[in-house]
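Below: one structure, written as structure tokens.
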Amino acid sequence: MQAWIQILLSSVSLFFLMFILIRLMGKRNIVRMTPFRFVSYIVAAVIAAVMSLNLIENLTFGFIALSVWVLFPIALDYLSLKSKWIHGMVNGKETVLIKHGKIMEENLLQTRLTAEELLRELRSKNAFNLADVEFAVMEDTGDINAFMKSHKKPVSSYDLGIKLAPLTEPQTVILDGNMLNESLSSLGFNREWLEIQLEAIGVSIDNVFIGQVDSSGDLYLDLFDDSIQKPQPKVKEMLYANFEKSQADLMTFALETKNEVARKMYSEHAKKLEQLMKKLKPYLLR
């Protein structure tokens, strides 16, 4: 057998073998990979490359070395799940760099991180002012996470006491002018509903690049022709405005009528409608 054919066959075989072995080693983001796991991948890849080029005369030795660098990390991962001590020994532990707004110089020296590098990492977390950072830690992957001081954190709806409706991921229902029936079915809609929405907007499906439906049922469209102006959906806003008008009318009727029974009825219904509006406001207004 010619040498190039032998190299081709061995390379293809090792390619599929490494594909299976890497899948067995588990999913890892290369940016957040621990140094030990990164070295394991590199060594396994180098051994496979050397074997595919037939630089190892005895392939048995190559498979033994490859097995060690693949099976040992898998075994250590399993043991790390069972033992906190082994997990700390293999993956390391997080290191506190800033505590109560003060830089821990000893820990900074331990991680071999300079002050300039620390500031650069904090800036990547949108922490440009060191005085705004309450706590910062270096994870076992080398990534640095920062916790801002309470008065520097963005205000959330929870802080304001405002209830919001739960959100789910939007579903793409149109892609490159093609309707995606599976996404429509997962939302509880059908083709007829989508066609009615497009007809109301006055857009042809052939001119839609991407169409998404959010958790509230609103349809967002991105068209091939950007010069076309799309009307924004205002169905929920109009519905809430009608509720407000009805509640205001009931209060007006209660003030203008001279009939005590009617005044009491109008007032009660106005209060009930007001309570209903408070419950519906997070779902109708954002």
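Observations
- Angle of helix 35-52 to the longest C-alpha principal axis of the chain, folded into 0 to 90 degrees and rounded to 10: 60°.
- From phi via Karplus (6.51, -1.76, 1.60), per-residue ³J(HN,Hα) for segment 97-102 in Hz, x at Gly/Pro: 9, 10, 9, 6, x, 10
- A crude spin-label estimate for the pair K102 and I20, with each label 7 Å from Cα along the Cβ direction, gives 5.7 nm.
- Separation in nanometres of the label points that stand 7 Å from Cα toward Cβ, at K152 and L59: 6.0
- Per residue, the solvent-accessible area of the chain (1.4 Å probe, heavy atoms of protein chains only, all protein chains present) comes to 71 Å².
- A cut-off under 10 angstrom between Cβ atoms defines the neighbours of Q212, and their net charge, with Lys, Arg +1 and Asp, Glu -1, is -4.
- For E134, distant residues with modelled amide H under 5 Å away: F147, M148, K149
- Within the accessible area of the chain (1.4 Å probe), percent carbon and sulfur: 61
- Simple Cβ-charge dipole of the chain, Lys/Arg +1 and Asp/Glu -1, about Cα centre, in debye nearest 20: 1180
- Annotation: amide H-H contacts under 5 Å for S215 (H modelled 1.01 Å from N, sequence separation of 5 or more, or interchain): T168.
- Length gained on full extension, L276 to S216: 19.8 nm, using 0.36 nm per residue less the C-alpha separation.
- Over all pairs of different C-alpha atoms in the chain, the reciprocal of the mean inverse distance, the Kirkwood hydrodynamic radius, equals 26.5 Å.
- Counted charge near S183, where neighbours are those whose Cβ lies closer than 13 Å (Asp, Glu -1; Lys, Arg +1): -2
The values are calculated or read from the model by the stated rules, or taken from the named source; none is laboratory data. Predicted model, so just to flag it, every value in this text is computed and none were measured. Here Cβ is always computed from backbone atoms with ideal geometry, including for glycine, and neighbour counts include all displayed protein chains. Surface areas here come from the heavy atoms of the whole protein model, side chains and all, with no ligands, DNA or RNA. Shrake-Rupley method; radii C 1.70, N 1.55, O 1.52, S 1.80 Å.
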